[in-house]
């Protein structure tokens with residue numbers, strides 16, 4: 001008997017728990033030959049408001065390990081700064097605590113980097129994102145003044161390491177505190193050209209979200225817009241199974257599952273195109289994104305009936321509920337297993353039904 005797709009109603013908010021309960025029962029009873037995939041389709045909601053976007057500043061030489069448009073999870077590696085090596089052989093003569101403060105003009109065309117001794121103490125308000133004016137003090141002793149109008153985009157603790165070369169000149173290195181190794185770098189130690197002073201600093205995401213990489217000329221900024229998951233079909237899970245009296249009773253008696261979605265007293269089997277849409281939404285079936293090579297004229301109105309020509313809901317028809325002219329996107333209500341479901345599509349992915 002071939003497995004087919006059916007829908008189970010669950011307790012509200014317990015879709016994932018119901019899925020896990022069903023999977024556990026299948027495993028414990030050795031019933032896997034009767035059941036296939038169990039899905040709780042979700043969509044990713046992007047919060048791109050300024051307050052929700054996390055920004056990471058990296059140098060132009062940093063190795064970026066993510067791409068714009070991809071999703072990352074908390075702890076994922078975003079970029080790695082180059083390791084710091086000795087430029088000329090010599091002796092380490094001084095190690096001091098400093099602050100690296102970068103001020104950038106509002107138009108982002110120019111920036112200025114300041115290395116400030118910790119002993120001078122930063123002036124109150126020298127924080128990332130703070131506005132600052134030319135001539136304002138950066139330290140409480142007034143030894144360091146800002147040289148341009150703008151805002152502070154970096155403020156990190158570093159170790160200033162001075163190495164006296166064999167010809168008497170002094171080379172200066174600023175090592176981020178998080179990669180400074182006192183066993184590798186110590187006062188009086190002799191070092192050779194090319195010797196490693198510090199490993200490259202690794203930048204990891206501290207939130208889940210979607211990546212945008214912006215080149216700002218003198219540096220790059222990795223922006224992570226927070227995302228969260230939203231159930232596409234609250235109160236339902238989808239199960240691939242062989243349907244008979246035994247499996248019907250088996251599935252509907254699992255904790256947090258109410259019953260099968262039925263029609264005329266019989267469990268409702270998903271149509272082929274409905275099952276295909278669910279698999280695509282779950283990322284289990286790929287599809288070709290069809291992009292028209294010509295410019296799309298925006299001629300849609302709320303209430304228009306359209307046919308979706310590509311994406312997970314290809315071949316579905318629906319009614320336009322919302323329009324976003326700036327993004328050239330439509331919010332279209334399609335019907336799947338008798339239930340209205342809103343989906344977002346590009347105008348290039350739909351056509352009007354006359």
Two-site FRET efficiency, residue 53 against residue 145, from Cβ-Cβ distance with R₀ of 25 Å, rounded to 0.05: 0.20
In the list (1) 1.23; (2) 0.95; (3) 1.43, the entry giving Cα Rg over 2.2 N^0.38 Å computed from the coordinates is (3)
Between the stretch 162-211 and the stretch 305-354, the Cα center-to-center distance that results, in Å: 54 Å
Placing each pseudo-label 7 Å from Cα in the direction of the beta carbon, residue 60 and residue 96 end up separated by a distance in nanometres of 2.9 nm
R0 of 41 Å, Cβ-Cβ distance residue 21-residue 328: FRET efficiency to nearest 0.05: 0.45
With each label point set 7 Å from Cα along the Cα-Cβ vector, what nm distance links residue 12 and residue 28? 2.8 nm
Helix-only [θ]222 nm of the chain, DSSP H runs n ≥ 4, -39500 (n - 2.57) each, per residue, nearest 500: -3000 deg cm²/dmol
Spin-label model distance (nm) - residue 87 vs residue 181, 7 Å beyond Cα toward Cβ: 2.2 nm
Contour minus Cα-Cα distance for residue 172 and residue 157 (0.36 nm per residue): 3.8 nm
If a paramagnetic tag sat 7 Å from the Cα of residue 73 along the Cα-Cβ line, which residues of the stretch 230-271 would have the backbone N under 19 Å from that point? 230-231
Compute the long axis of helix 272-281 from its Cα atoms, compare it with the longest principal axis of the Cα atoms of the chain, and write down the angle in degrees, 0 to 90, nearest 10. 20 degrees
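Rule-based calculations on the coordinates, nothing more; no lab input. Only a predicted model underlies this, so the values are computations on that prediction, with no experimental measurement involved. Note: ideal-geometry Cβ built from the backbone for every residue, glycine included; neighbour counts use all protein chains shown.
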